[in-house]
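The structure appears below as structure tokens.
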Amino acid sequence: MYNMHNIQSQNHRLRYRQIHLDFHTSPHLPGIGEKFDKKRWQESLKAAAVDSITLFSKCHHGWSYHPTRVGKMHPHLSFDLLRAQYEATKEAGINAPVYLSAGVDNLAADEHPDWRELDKDGRYADWNPGIFKAGFRALDFHGPYLDYLCEQIREAVRLFPDCDGIFLDIICQNQSCSRWSLEFMKANGLNPENEEDRKESSRLALEKYYQRTTEAAKSLRADMPIFHNAGHIPRGRHDIFPYFSHLELESLPTGGWGYDHFPMSAKYACNLPLDFLGMTGKFHTTWGEFGGYKHPNALRYECAAMLAYGAKCSVGDQLHPSGALDASTYELIGEAYREVRAKEPWCIGAEQVFDLAILSSEAESVTHRESLSDEGACRVLLESHFLFGLIDRTMDFARYKALVLPDDIRIDADLKTKLDAYLAQGGKLILSGESGLWKGREEFALDLGAEYEGLSPYYPPDDEPNRGHDYLLPAQELRASFVNMPQVMYERSHRIRATKGESLGQIFDPYFNRTWEHFCSHQHTPNQEQPSGFDCGVRHGNILYFAHPVFRHYRAYGAVAYREFIAKAIRAFMGNALTLSTNFPSTARITLTEQSQENRLVLHLLYAPTVSRGGVMQLSGGNVSGGKSVEVIEDLPPLHDVEVTLQLPVTSAKLVPQGGDLTLDKSGDRVSLRLPEFSCHQMIELSL
């Protein structure tokens, strides 16, 4: 059994320039690996500045790419392809982790149909369910398949004992009702007809999976690196982290994730005691794409962003069944990785510098996997250029000047104790919507300097309980630069009246709710001319509160006026405690890192305009759904006359890696620098 104390001892230091080389190969394809050429392989990787590449032992189709006593080698592979790739890679001084598909295996599913997951209606729980639909088949970890998988892992470790890690993919257990899951639930007092019991069975199946596969991977070497990929690093799940040696943050911006997904993942991962990398792809869309190439400028920006947010870099590729690396792909990757290689000295051992932290809604179990409140808070803070991290309640609050509790975090006794201690030490809280209310009752758990009178009664006639319809007019100094009238809000506000606290502005009610009996125009009933008497927020001592769920609201609707109101309120609340300010546009990004051994800070400036190209993607067997288009980076126009002001004792600043000193203007405790121009990514070394 592993525990949290083992994380530090398992911690594995990653290389900066990695390739994740997919090789999911149909049994109907001929000539597998026949064009593999050792010299060309080594030359391609070296020219692209690659220093690690993940190689396949077993793919989603279930085939092995080496002789095996456990599974079956691909029927059209005539030699040990993995051995040839591995030896060529290691000879070139490049790391070689080994990949095995874990959660899906079509060969095993075809030979053992009873190993497959079944849903509660008796249907196969596959990626693409249906006999006549192409797709991969999910296996039940409660069944004999887990024994089979562990034997495959042990075999791979015996064959490649000095490999640089084991990568296990598709770590998922649905609410399976296969014979194995039903037997498990019956033996453990769980009712398969109850959804919560099925979820508990799934959780226990995954726990068993983590324990047994990790033991298999470490069967010959206690220090064998291991990563279990589920496409997302779950916030707050400290029970699984001891089974990881490091983290790989899968985030393909053109594959439906978008360019704001990776920063959010990285801002949580950097607070864990595990090294981590960002994983993008060379594809125009996402995994499984042959012949798709993103623009080189996009990959340059994505790798630069990984460095800026404290991650190592990994680029996903897909090897042609012939075994030959694609020349255009490695020219594309090389453009980015040669730049990464030059920048590494200013990234090694660097830690992120933060002023604020978002207490994750996902980690509080309010939402699962995709939290609109987390996403909205991250977007507001990214676009407004705050230095912030993403944390869960187990982490140390004291290192942050303020905590943001976005929208739906109710307070229980344990969290109340921790927040009270944080406030007593001078910490600040930024709350919105339900956040700050007691869990289980409709009253504030903290002194906000306001009376609470429940949810607004104004909402549209539909089945969406969060939607609302009122208007806010912030205090003059907090208004958006272009709005001086009440602006419509699309979610329900909480009714508060400032008493001891300072109001952030007024709520204006509509004349009436929109119904079939009385409505006005296409969407909204206009606001009454007089304010309602309720406040849109309050500031009291070290607590700032917004009456609407403003972060989820911004994520859903994206109105600039909302973001400006939130950011101005936070800046006024924080005062001189903020480390930096800048004249950056909202589409640019800024981070600050510290290299303590070198006694220096490194400022990362990022800018690349994104554009939505194409229409709704229809991907056969892909992992994009929900009608998303492709977010593309092509051009990298320069930003001019960039200014950054720092509340730090900086003595000198220079551009790195290219060199060149910057002039500093000092005014009291603040230092300002000006950069005439930069494109894509610029690092600035700050000496203290």
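At-a-glance table
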item	result
VAL560-SER78 FRET efficiency (beta carbon distance; Förster radius 60 Å; 0.05 resolution)	0.50
TRP41, TRP516 arranged by Cβ crowding within 10 Å, fewest neighbours leading	TRP516, TRP41
Using alpha-carbon coordinates, inclination of helix 560-574 to the longest axis of the chain, degrees	80 degrees
Cα-based radius of gyration of segment 582-687 once divided by 2.2 N^0.38 Å, which approximates compact folds	1.42
Sorted by Cβ density within 10 Å, fewest first, the residues LYS343, LYS208	LYS208, LYS343
Extended-chain gain in nm, criterion 0.36 nm per residue less alpha-carbon gap, LYS208 and LEU648	153.5 nm
Calculated P(r) tail over 34 Å for segment 354-575, as whole % of Cα pairs	10 percent
Exceeding the 27 Å Cα-Cα cut-off - candidates LYS58/LYS186; LYS46/LYS312; LYS46/LYS294; LYS199/LYS294	LYS58/LYS186; LYS199/LYS294
Exposure rule at most 13 other beta-carbon atoms within 10 Å, DSSP loop GluC sites (Glu not before Pro): the chain longest free segment	1-192
For ALA109, net neighbour charge (Lys/Arg +1, Asp/Glu -1) across residues whose Cβ lies under 9 Å away	-2
Cα-projected label distance for SER219 with HIS522, points at 7 Å along beta-carbon direction, nm	6.5 nm
FRET E, pair SER596, GLU193, Förster distance 56 Å, beta-carbon r, rounded to 0.05	0.50
Relative contact order [Cα under 8 Å, 6+ residues apart], the chain, whole percent	11 percent
Taking the C-alpha atoms of segment 84-218, convex hull volume expressed per residue in Å³	115 Å³
Segment 340-397, relative contact order in percent, only Cα pairs under 8 angstrom and at least six apart counted	43 percent
Likely footprinting exposure, SER176, SER373, fewest C-beta neighbours within 10 Å first	SER176, SER373
Rounded FRET efficiency, nearest 0.05, which uses the C-beta distance separating GLN476 from GLN42 and R0 of 60 Å	0.35
With Cα atoms, 0 to 90° folded angle of helix 195-217 axis to the chain main axis	50 degrees
Percentage relative contact order, segment 354-575, counting C-alpha pairs under 8 Å, at least six apart	23 percent
Helical contribution to [θ] at 222 nm, DSSP H n ≥ 4, -39,500 (n - 2.57), averaged over the chain, rounded to 500	-7500 deg cm²/dmol
Cα centroid separation, segment 7-76 to segment 209-265 (Å)	19 Å
Dipole of segment 132-186, positive end: most advanced residue of ILE153, PHE184, ILE171 [Cβ charges, Cα centre]	PHE184
Antiparallel %, DSSP beta bridges [both residues in the chain], to 5	60 percent
Zone residues, segment 261-281, relative to ASP396, backbone N less than 14 Å from point 7 Å out along Cα-to-Cβ	271-273
Net charge over other residues, Cβ less than 10 angstrom from the Cβ of LEU390 (K, R count +1; D, E count -1)	-1
Label point distance in nm, GLU351-LYS416, each placed 7 Å from Cα along Cα→Cβ	3.3 nm
Cα-only Debye scattering, the chain: base-10 log of I(q)/I(0) at q = 0.11 Å⁻¹	-1.23
Kirkwood Rh, angstrom, segment 229-370 [1 / mean 1/r, Cα pairs]	16.2 Å
THR582 paired with THR499, simple spin-label distance in nm, labels 7 Å along Cα-to-beta-carbon	4.3 nm
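All of the numbers you see were taken from the coordinates with simple rules; none came from a lab. Predicted, not measured: the structure shown is a model, and the values here were computed from it. Glycine also receives a Cβ, built like all others from the backbone with ideal geometry; neighbour counts cover every protein chain displayed.
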